[in-house]
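So the structure is just underneath, and the comments pick up after that.
The values are calculated or read from the model by the stated rules, or taken from the named source; none is laboratory data. Keep in mind the model is a prediction, meaning the values are calculated, not measured. No Cβ is skipped: glycine too gets one built from the backbone with ideal geometry, and neighbour counts run over all protein chains shown. Note: areas computed on protein heavy atoms with side chains; ligands, DNA, RNA excluded. Shrake-Rupley method; radii C 1.70, N 1.55, O 1.52, S 1.80 Å.
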Amino acid sequence: MRYLLSFWLCLCLTACGPEVPHTKTLDRNGLMRLVFPTWAPKGKAANQTVSLPAESSQPDKTIETEARVSPLHVIRLDDTHAVMVTEAVAVDEHGEPVNCHACSASLGAYFFSRDDKGWRFDARQDSVGTSGVNGAIGTTRVERLGKAFVVFAEWGSCWQGNCGSWLEAFGFWPGKAKSLTPGIPLEAENSGAVGDCDNADPELGAMQPCFDVSSKWAVRQGQVVIDFKGETRDTPDEDGKRPPAVKIATQARYTLQGDELKLVAGANPVPGF
């Protein structure tokens, strides 16, 4: 009889499998430890091995990378599904986050579902996309667009006298995360590259067009609405005189269609550089 009971006990344990870890709440630190059992909020204990893009130009090609991983947002997608959004920055040989001008950060997604024991970890996407410079993803916030929750990341920087800022958008559904669009230009100005737009300075490349365009954006009635203002001036003539400035005061509207954020009204006037 003892052997028979042992046999049935073994069968039961095999059928039930190991106990799946749960957390009672959606506290971000508890969720992080479900995904990364050795994780801690500060210092090198926050470093974890994740799959990040090998190169920014090849986001689908990933490699195992040691990175500083931090929770950004926890989003309750519905009654039984949630996602934790993270920032991951590769670390150097000393275990510290890299901080170079061309170093962006990766936005990750970790999915959870709720059962009678609490919240359990279901799936991971270490890198949904990248954003930012100097090892920081930018300023983020969560909005609702249609059936998706969207994390927006706004960031900017300057290169050789040209300055700009961009808006990245990442969509989240139960079990799914996706970059919704290439970065949307928000601002651009090039006074550091061409000098004073009224006084042509050949040493600063004055024969280039000059521009100074800024914007404010918001989510209104289920659309991303961007109001632009500023001016542009074309290249100088043979006497070094620029034509009159062209004033900009326009609006662009973007709508989530399927899993893409598309321009549906107006135009984006921000010059490229």
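Is it fair to say residue 87 is assigned to a strand (DSSP E or B), open to solvent by 20 Å² or more (accessible area, probe 1.4 Å) and among the acidic types (Asp, Glu)?
yes
Could you count how many residues in region 122-148 are under 12 Å from the mean Cα position of the chain (by Cα), closer than 18 Å to residue 226 by Cβ and open to solvent by less than 20 Å² (accessible area, probe 1.4 Å)?
So the count comes out to 1.
Test of understanding: among 226, 248, which residue is within 15 Å of residue 145 (Cβ to Cβ) and not in a loop (DSSP other than H, G, I, E, B)?
226
Could you say which residue among 246, 225, 213, 151 is within 17 Å of the chain's Cα centre (by Cα), at pLDDT 90 or above and among the hydrophobic types (A, V, I, L, M, F, W, C)?
Going through 246, 225, 213, 151 in turn, just one is within 17 Å of the chain's Cα centre (by Cα), at pLDDT 90 or above and among the hydrophobic types (A, V, I, L, M, F, W, C): 151.
Name the pairs: first residue in region 79-101 and closer than 15 Å to residue 175 by Cβ, second residue among the hydroxyl-bearing types (Ser, Thr, Tyr), Cβ to Cβ under 6 Å, at least 6 apart or on different chains?
Final answer for the pair search is 80/113; 81/113; 84/110.
Six or more apart or on different chains, Cβ atoms under 6 Å: show the pairs whose first residue is in region 190-205 and more than 19 Å from residue 156 (Cα to Cα) and at pLDDT 75 or above and whose second is part of a helix (DSSP H, G or I) and of a type outside the set (Asp, Glu).
Close Cβ pairs satisfying both conditions: 194/204; 195/204.
Can you pull out the residues in region 71-112 that are over 13 Å from the mean Cα position of the chain (by Cα), closer than 24 Å to residue 37 by Cβ and polar (S, T, N, Q)?
Hit for region 71-112 is 80, nothing else.
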